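Contents: one structure, followed by commentary.
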Amino acid sequence: MTELQNIAKKLFDDGSINLLIGYSNNENGGTSAIFIDNSADIDKLIYNENCHQNLMVYFQKPEVKKFGKLAFVVSLPGLKSVLEIASENQIKDGDAYFIAIDKDGNPSLLQDFHQIEDFITNNQTKPPMGLLKLMEKINNMTREERWQYWTDEFSKCIKCYACRSVCPLCYCTQCITDINIPQWISTESSPIGNLDWHIARAMHLAGRCIGCGECMKACPVDIPLALLTANLNKSIAIHFGDEPGMKADYKYPLSHYKLEDKENFIR
Amino acid sequence: MNNYKLITKQNLHSFFDALQPKNTIIAPKEINKKYYFKPVDKFEDIALDYIQTVLSAKSVLFPRSDTLFNYHRADGDYNIDEPSPIEKNTIVFGMKPCDASSFVYLSNFFLKDYQDKNIKERLEKLYIISLSCKEADNACFCTSVGSNPASTKGSDLNLTLIENDTYYVEVVTEKGQELINYSADLFQDTKEIDKSKYIANVPQKFDVEQAKQNIDSIFESPLWVKDSLACLGCGICAYACPTCTCFDIQDIGSQFNGSRVRNWDSCAFDLFTKHASGHNPRPVQSQRWRNRIKHKFEYSVENLGLISCVGCGRCIRSCPTSMNIVKTVQIFQGV
Amino acid sequence: MSEFEPKIVAFVCNWCTYAGADLAGTSRIKYAQNVRIVRFPCTGRIDFMLLLKAFEEGADGIIVSGCHPADCHYTSGNYHARRRWMVFKDLLDFIGIDSRRIVFSWVSAAEGAKWAHLVNDTVSEIRNLGPMKEYKNLENVSSNKIGELIND
Ligand code: SF4
Ligand code: SF4
Ligand code: SF4
Ligand code: FES
């Protein structure tokens with residue numbers, strides 16, 4: 001038995017959890033989420049560098065919640081989403097167990113938000129180079145080129161909403177794009193409909209996105225979605241000095257303010 | 001009608017050049033190591049050795065958003081115009097046999113009782129040149145749903161690479177002959193051959209008749225929930241699928257002018273079945289997943305006499321959480 | 001060809017800027033006619049989606065204005081709005097929408113003259129920028145032409 005399986009087994013044996021959400025090998029040579037509700041299946045539990053899905057998306061799925069007490073296998077981005085979700089009062093300390101996977105792939109059981117905060121501070125990684133390069137490239141374009149770049153990218157969108165479904169922070173029970181009175185975002189995948197969707201999605205994740213990149217990996221047409229939220233996070237860091245996913249008592253910068261906030265752009 | 005020909009790869013290039021000026025040609029193209037159907041005007045741009053594209057070619061008939069008519073109010077009255085759904089004849093060049101057979105389902109769905117005008121006009125101008133599969137991956141399962149990697153169902157012409165540089169051509173329909181006539185001298189007559197040794201081996205993963213029966217008989221089962229815990233309710237599976245035909249009709253614009261459009265929809269979305277009252281008869285994801293499977297193997301058989309899955313494996317490849325229709329069917333076969 | 005007349009939509013709060021605009025009117029201060037005013041309870045209510053809708057409906061420029069800091073009728077609506085605008089502006093820049101087309105201001109109920117100036121300045125700035133052609137070139141519904149039917 002691996003260390004990861006040992007930790008999981010112990011949680012089942014002492015009756016701490018009813019369901020464990022982790023990773024296993026799938027039929028197609030990849031890895032995917034596995035939902036283990038009794039310790040007999042524990043030998044299927046694995047972790048390797050292909051296990052990227054952010055399993056915290058399941059924390060509010062009704063059929064998952066029904067099981068009772070949950071445990072999640074989470075690496076750094078997953079843990080950041082735990083803190084972000086906690087700061088939004090969607091999960092309380094002690095609601096679930098987290099088997100954290102560190103940089104070297106070693107598991108450890110984290111039980112409270114303090115431990116998660118420490119873990120994150122000790123396991124920081126740099127954002128992927130490719131993403132940073134692309135962001136720089138876009139920032140160096142002229143405005144017209146940027147517009148061309150993004151309208152080209154957005155034109156590919158088929159509005160399957162996989163980007164929304166896989167995002168641990170897109171947990172609204174009714175998304176703005178599903179509201180039709182008034183119809184804020186047209187259901188069409190037309191130039192306007194797509195632009196609206198992408199701006200709305202990014203704005204709703206501004207200062208909340210923890211940068212797991214799952215939206216980008218899910219997108220069937222490879223739109224570099226995480227760049228939009230990453231860029232918004234960058235401006236939030238510049239203007240307000242905040243960064244999501246680091247503290248469970250993070251104050252969401254767009255629902256707080258300071259009297260001395262910059263206003264040189266206001267006439 | 002069936003006749004058999006040979007064409008060399010070089011001549012295929014010339015054949016393409018003969019077709020190109022008068023037709024819109026849609027073909028698989030490589031973009032970042034993935035394949036997508038795109039309009040092409042150069043033979044070199046076509047990917048001939050791909051396994052499957054990310055999205056199907058159904059959008060040639062049934063686009064993501066299809067304008068049914070535009071309206072415009074003038075002098076107290078509404079003027080309606082229906083944009084032409086297709087201009088030139090359109091050839092899909094090099095789609096896989098599973099996809100070609102999806103067009104049999106699509107035309108049944110859209111033309112059986114009510115004849116959908118846009119689809120009908122497009123279908124009349126649509127030509128399908130399919131390419132038998134040399135290679136398959138473990139998401140492919142055409143052989144489990146009554147097809148095979150060299151099936152000619154739905155194709156006008158079917159090409160099978162038999163030697164390094166020679167394609168064996170089956171002329172399946174009149175339309176196929178029409179295409180050949182663009183440049184008949186590029187082809188050489190031959191006898192029917194056994195294609196099986198030139199194509200991919202796709203192991204059968206379930207028995208479709210058995211599957212139909214089992215899925216028919218099971219509505220309430222805890223297995224539906226267990227099997228769909230990972231499903232997140234996005235629409236990739238339906239949008240990538242060559243036979244998913246659900247749509248949503250929307251009016252875009254104001255009371256003065258606008259358009260009525262038909263957009264893709266997916267049974268995986270919770271909004272799909274939501275009533276105006278707020279009640280949702282399929283409130284949880286397992287019920288939506290059940291609907292998808294039952295539609296493919298039960299409801300569409302009831303309605304059209306055809307299962308609505310051609311085994312292309314796109315939903316399996318694209319699902320971000322690796323939901324797997326084959327696995328589900330297998331689970332229910334074991335019941 | 002006639003000169004380009006910019007269409008400006010102004011989103012203003014009920015308690016300060018709307019009253020300020022009203023004062024400009026009752027004081028018979030003349031200002032450019034290009035502006036259509038939409039009244040909101042507070043700048044805190046002015047969602048970014050509204051600004052996008054204005055562009056979609058053909059606006060060439062947008063004014064967003066409310067009470068000065070410390071004067072918001074609901075105490076902090078304008079402070080929240082200020083942060084949101086900062087971030088939204090950056091996003092527009094990143095996507096390549098000219099954020100100079102959205103002008104933010106504080107205009108109090110006593111500042112009829114400031115309102116008139118704001119409108120005049122905005123109109124002349126937008127006149128210089130020209131029509132918002134990016135949005136005007138975007139289509140509401142997708143084309144039915146085959147070839148374009150395949151999303152690319
Ligand atoms: S996943 Fe990609 S194609 Fe699907 S809605 Fe999101 S951006 Fe559009
Ligand atoms: S990177 Fe994408 S999926 Fe991950 S939190 Fe940000 S928006 Fe959501
Ligand atoms: S099966 Fe996968 S792709 Fe389909 S709706 Fe569910 S999560 Fe999305
Ligand atoms: S009431 Fe004027 S800004 Fe809030």
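Quantify how strongly other chains surround peptide B:225-233 by giving the mean number of their Cβ atoms within 10 Å of each of its Cβ atoms. Walk me through the numbers on the way to the answer.
Working: counts 4, 3, 0, 1, 11, 12, 4, 13, 5.
Partner-chain Cβ atoms within 10 Å, mean over residues of B:225-233: 6.
Need one value for C:50-60: mean number of C-beta atoms belonging to other chains within 10 Å of its residues' C-beta atoms.
Values: counts 1, 1, 8, 3, 0, 2, 4, 1, 0, 0, 0.
The mean count of partner-chain Cβ atoms within 10 Å per residue comes to 2.
Using the per-residue mean of other Cβ atoms lying within 10 Å as a proxy for protection, in what order, highest first, do the peptides B:254-263, B:51-60 fall?
Values: B:254-263: 17.2, B:51-60: 22.9.
Most protected by this proxy first, the peptides run B:51-60, B:254-263.
Determine the total buried accessible area between chain A and chain B, counting protein heavy atoms only with a 1.4 Å probe; round to the nearest 100 Å².
2900 Å²
Per residue of A:148-160, what is the mean number of Cβ atoms on other protein chains within 10 angstrom of that residue's Cβ? Display every interim value, and only then the final one.
Details: counts 2, 2, 4, 5, 1, 1, 2, 5, 5, 2, 10, 8, 14.
Mean number of neighbouring Cβ atoms from other chains: 5.
Mind computing the radius of gyration and Dmax over the alpha-carbon atoms of region A:107-166? Å is fine for both.
Cα only, region A:107-166: 18.4, 50 Å (Rg, Dmax).
Which order do the peptides C:5-18, B:113-126, A:234-247, C:72-85 come out in when sorted by mean C-beta neighbours inside 10 angstrom, highest first? List each step's numbers first, then the result.
Values: C:5-18: 22.8, B:113-126: 15.5, A:234-247: 17.9, C:72-85: 19.9.
Peptide ranking by packing, descending: C:5-18, C:72-85, A:234-247, B:113-126.
What's the angle, to the nearest 10 degrees (0 to 90), between helix A:191-205's Cα axis and the longest principal axis of chain A?
50 degrees
What percentage of all Cα-Cα pairs in region C:1-109 are separated by more than 22 Å? Write out the running numbers ahead of the final one.
Numbers: 1890 of 5886 pairs.
Tail fraction, whole percent: 32.
Report, to the nearest whole %, how much of the accessible area of region B:208-333 belongs to carbon and sulfur atoms, 1.4 Å probe, protein only. Walk me through the numbers before you get to the answer.
On the way: 2480 of 4790 Å².
In region B:208-333, the share of accessible area belonging to carbon and sulfur is 52 percent.
Based on the Cβ-Cβ distance of residue C:120 and residue A:139, what FRET efficiency does E = 1/(1 + (r/R0)^6) give at R0 = 22 Å, to the nearest 0.05?
Values: r = 34 Å, r/R0 = 1.53.
Rounded to the nearest 0.05, the efficiency is 0.05.
Based on the Cβ-Cβ distance of residue C:129 and residue B:246, what FRET efficiency does E = 1/(1 + (r/R0)^6) give at R0 = 41 Å, to the nearest 0.05? Please report the intermediate quantities before stating the final value.
Working: r = 44 Å, r/R0 = 1.06.
About 0.40, to the nearest 0.05.
Extension gain residue A:148-residue A:261, at 0.36 nm per residue separation less the Cα-Cα distance, in nm?
Details: separation 113, 0.36 × 113 = 40.68 nm, distance 3.25 nm.
Full-extension gain reported as 37.4 nm.
Can you list residues from other chains, or at least 5 along the same chain, whose modelled amide H is less than 5 Å from the amide H of residue C:103?
The answer is C:62, C:63, C:64.
Mind checking the per residue accessible area of region A:129-255 for me, 1.4 Å probe, whole number of Å²? Could the numbers behind the result be given before it?
Values: 4730 Å² over 127 residues.
Heavy-atom accessible area per residue stands at 37 Å².
Any idea which of A:193, A:220, A:259 is furthest toward the positive side of the dipole for region A:124-267, if Lys and Arg beta-carbons carry +1 and Asp and Glu beta-carbons -1?
Comparing the listed Cα positions along the dipole, A:259 ranks first.
Hand me the tally of lysine pairs in region B:208-333: alpha carbons under 16 angstrom apart, and the pair either on different chains or 8 or more positions apart.
Details: B:212/B:294; B:212/B:296; B:212/B:327; B:226/B:327; B:294/B:327; B:296/B:327.
For region B:208-333, qualifying lysine pairs total 6.
If you fit an axis through the alpha-carbon atoms of helix A:3-13 and take the longest principal axis of the Cα set of chain A, what angle between them do you get, 0 to 90°, nearest 10?
Between helix and principal axis, roughly 70 degrees.
Across 10 Å bins from the origin, how do the percents of Cα pairs in region B:208-333 run, short distances first?
It works out to 12, 40, 33, 10, 4, 0, in whole percents.
Classify chain A from the C-alpha gyration tensor, please: rounded if a/c falls under 1.5, else prolate or oblate depending on whether a/b exceeds b/c. It would help to have the intermediate numbers written out before the result.
On the way: a/c = 1.83, a/b = 1.57, b/c = 1.16.
Prolate.
Report the rotationally averaged projected area of region A:129-255 based on its alpha-carbon convex hull, in square nanometres.
Working: hull surface 34.0 nm².
Taking a quarter of the hull surface, the average projection is 8.5 nm².
Any chance you could check the Cα centroid distance between region B:220-270 and region B:1-48 for me, in angstrom?
About 32 Å separates the Cα centre of region B:220-270 from the one of region B:1-48.
Using θ = phi - 60° and the Karplus form 6.51 cos²θ - 1.76 cosθ + 1.60, what ³J(HN,Hα) does each residue of region B:270-284 get, whole Hz, x for Gly and Pro?
Going residue by residue, I get 6, 5, 4, 10, 5, 7, 4, 5, x, 6, 10, x, 10, x, 10 Hz, with x marking Gly and Pro.
How large a share of the accessible area of region C:1-151, in percent, is made up of carbon and sulfur atoms when the probe is 1.4 Å and the other protein chains stay in place?
On the way: 3130 of 6280 Å².
Here carbon and sulfur together make up 50 percent of the probe-accessible area.
Can you give the calculated 222 nm mean residue ellipticity of chain A, where each DSSP H run of n ≥ 4 adds -39,500 (n - 2.57) and the sum is split over every residue, rounded to the nearest 500 deg cm²/dmol? Don't jump to the answer; show the numbers that get you there.
Details: 10 runs with 100 residues, N = 267.
Calculated from helices alone, the mean residue ellipticity at 222 nm is -11000 deg cm²/dmol.
Taking C-beta distances below 4.7 angstrom as the pairing criterion, name the unpartnered cysteines of chain A, in sequence order.
A:51, A:157, A:160, A:172, A:175, A:209, A:212, A:219
Indicate the gyration tensor shape class of region A:3-122 (rounded, prolate or oblate), computed on the Cα atoms with a ≥ b ≥ c the square roots of the eigenvalues: a/c under 1.5 is rounded; otherwise a/b larger than b/c is prolate and the rest oblate.
On the way: a/c = 1.39, a/b = 1.18, b/c = 1.18.
Rounded.
Report, in degrees rounded to the nearest 10, the 0 to 90 angle that the Cα long axis of helix A:129-139 makes with the longest principal axis of chain A.
Once rounded, one gets 20 degrees.
Please work out whether the protein assembly as shown counts as rounded, prolate or oblate from its C-alpha gyration tensor, where a ≥ b ≥ c are the square roots of the eigenvalues and a/c under 1.5 means rounded, while otherwise a/b larger than b/c means prolate and anything else oblate? Don't skip to the answer; put the middle values down first.
On the way: a/c = 2.09, a/b = 1.28, b/c = 1.64.
Oblate, since a/c reaches 1.5 and b/c is not below a/b.
Under a straight-distance cross-link criterion of Cα-Cα below 16 Å, which lysines are reachable from residue B:33, leaving out those fewer than 8 residues away in the same chain?
A:217
For chain C, set up a Gaussian network in which alpha carbons nearer than 10 Å are linked by springs, and say which option among C:22, C:121, C:90 fluctuates the most.
C:90
Quick one: compute the contact order of chain C, relative version, from alpha carbon pairs under 8 angstrom and 6+ residues apart, as a percent.
35 percent
In deg cm²/dmol, rounded to 500, what helix-only [θ] at 222 nm does chain C give when every DSSP H run of at least 4 residues adds -39500 (n - 2.57) and the total is split over its residues? Mind dumping the intermediate values first?
Working: 5 runs with 61 residues, N = 152.
Mean residue ellipticity at 222 nm (helix-derived): -12500 deg cm²/dmol.
Only residues of region B:231-266 count here: report those whose backbone N is under 13 Å from the spot 7 Å along Cα→Cβ of residue A:174, or say none.
Within reach of a label on residue A:174: no residues.
Per residue of region A:245-253, in order, report the coupling 6.51 cos²θ - 1.76 cosθ + 1.60 (Karplus, θ = phi - 60°) as ³J(HN,Hα) in whole Hz, putting x for Gly and Pro.
Rounded to whole hertz, the list is x, 9, 9, 6, 9, 4, 9, 4, x.
The values are calculated or read from the model by the stated rules, or taken from the named source; none is laboratory data. Computed from a prediction, not measured in an experiment: that's the story for all the values here. Cβ atoms come from the backbone with ideal geometry, glycine included; neighbour counts cover every protein chain shown. Surface accessibility is based on the protein's heavy atoms, side chains included, excluding ligands, DNA and RNA. Shrake-Rupley method; radii C 1.70, N 1.55, O 1.52, S 1.80 Å.
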